[in-house]
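Worksheet: one structure, shown below.
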Amino acid sequence: MKLNIALLAGDGIGPEVIAQAVKVVDAVAVKFGHEVSWTEGLTGAAAIDAVGEPYPDSTHEICLAADAVLFGAIGHPKYDNDPKATVRPEQGLLKMRKKLGLFANVRPTFTFPSLIDNSPLKRERIEGTDLIILRELTGGIYFGERGRKDDGNTAFDTCTYTREEIQRLAKLGFELALTRSKKLCCVDKANVLESSRLWRETVQNMEKDYPEVQVSYEFVDAVAMRLVQWPSSYDVIITENLFGDILTDEASVISGSMGLMPSASKGVHTSLYEPIHGSYPQAAGKDIANPLATVLSAAMMFEDAFGLKAEAEVIREVVNKSLAEGIVTEDLSGKEGKAYKTSEVGDWLAKNI
Ligand code: IPM
Ligand code: MN
């Protein structure tokens, strides 16, 4: 099969972790007889430095022409403490999501038995945790009307959702639940927000089409609490953009292996695969960042974008093997274990595939 993949390395540790995923994908392609064509595009601070824009049209064209996008990370500290900066790397991310129609962000949280004691939560709380948060990504307060009034002394941001936007996200949630434990939790703030009441009403109306799925409705504040009390009680969670942003960060640390968590953003025009960790600027260029989240994102890409399950499985197996044999970066090596470099982990994975 011919695999046309757009490669957006981005900022910080992005290029380093992406380079390892490329080694792994190329090795899988050789093993299974696929032909990969990589097309690189600029994003984030790297794109601002080069062309003054965090998501240039040239990059958009590359993504549109690709079957899937593999993405590293966006963000640079030089913009974080400058509230007056008019161009920011993160704008590139939002523009990319909107222009590619990446409406569904899939962020799984699962435990690796060998790493369970890395979690900030007690073992008995998290054992068996395997949940997926499906976050709406192109609507809500991120993209609603915003501005200032009263000579700049009053500010507003608006959360707007249409029934169609809710339906297309919820449909994926129901379908995903059918392939898993058939439990779906719709997270909102329907006791206060009108947009949440539309979410609840829309999802309730869809329940009759999925009689096998057991749906619960919970308020976001309660979920924030229960997620760290009993994460294993959740399976598929659907929610709007901002609630999803917050809950997925919370969920990402539960397993104690944030450097291992992949994600996918499914879209109208294409889909994008990226690690959930950010650009981690403190580690950039040091060859120490954990590449496994990006490698596992590539596994998601094989399965979801190309329907190649066996290829995805080979990647997951070799990642498990590297964990079992301690071929890991310093975040996972512990005090006694040897810390391998990012590039060494990538080489080992490719060789073992
Ligand atoms: C994320 C990030 C982005 C978001 C930022 C960088 C704009 O936090 O992907 O979760 O808020 O969506
Ligand atoms: Mn976030």
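Taken over segment 287-323, the criterion of being over 17 Å from Thr342 (Cα atoms), of a type in the set (A, V, I, L, M) and in a helix (DSSP H, G or I) is satisfied by Ala299, Met300, Met301, Ala305, Ala310, Ala312, Val314.
Within segment 248-264, the set of residues being assigned to a helix (DSSP H, G or I), of a type in the set (A, V, I, L, M, F, W, C) and either buried (at least 23 other Cβ atoms within 10 Å of the Cβ) or within 12 Å of ligand 1 (Cβ to nearest atom) (or both) comprises Ala251, Leu260. Considered as a group, the residues in segment 11-35 that are in a loop (DSSP other than H, G, I, E, B) and touching a strand residue (DSSP E or B) at 6+ places or on another chain (Cβ under 9 Å) include one that is nearest to Glu344 (Cα to Cα), and that residue is Ile13. For segment 104-146, taking the residues that are within 16 Å of ligand 1 (Cβ to nearest atom) and of a type in the set (A, V, I, L, M, F, W, C), the one that is nearest to the chain's Cα centre (by Cα) is identified as Val106.
For segment 103-186, the strands (runs of 3 or more DSSP E) that sit wholly inside it and include 2 or more residues that are touching a strand residue (DSSP E or B) at 6+ places or on another chain (Cβ under 7 Å) and touching a residue at least 24 places away in the same chain (Cβ under 8 Å) are 104-110, 130-136. Of all residues in segment 265-285, those being away from ligand 1 (no atom under 16 Å from the Cβ), in contact (Cβ under 8 Å) with a residue 40 or more places away in the chain and either over 12 Å from Leu70 (Cα atoms) or aromatic (Phe, Trp, Tyr) (or both) number 5. The number of residues in segment 239-272 being out of contact with any Gly (no Cβ under 8 Å at 6 or more places or on another chain), within 14 Å of ligand 2 (Cβ to nearest atom) and under 18 Å from Leu137 (Cβ atoms) comes to 14.
If you go through segment 273-287 and keep only what is within 12 Å of the chain's Cα centre (by Cα) and away from ligand 2 (no atom under 16 Å from the Cβ), you end up with just Tyr273. Determine whether segment 40-48 contains at least one residue that is within 30 Å of Ile238 (Cα to Cα) and not assigned by TED's automatic domain parsing to the domain that holds Phe143. There is at least one residue in segment 40-48 that is within 30 Å of Ile238 (Cα to Cα) and not assigned by TED's automatic domain parsing to the domain that holds Phe143. Out of Val213, Val236, one residue alone is of a type in the set (Val, Ile, Thr), crowded, with 23+ Cβ neighbours inside 10 Å and either more than 16 Å from ligand 2 (Cβ to nearest atom) or without any contact (Cβ under 8 Å) to a residue 12 or more places away in the chain (or both). It is Val236.
Take the conditions (1) at pLDDT below 95; (2) outside the structural domain of Glu218 (by TED's automatic domain parsing); (3) part of a helix (DSSP H, G or I); (4) not β-branched (Val, Ile, Thr); His277 misses just one of them, which is (3).
The values are calculated or read from the model by the stated rules, or taken from the named source; none is laboratory data. Keep in mind that this is a model prediction, so the values were computed, not measured. Note that each Cβ is placed from the backbone with ideal geometry, even for glycine, and that neighbours are counted across all protein chains shown.
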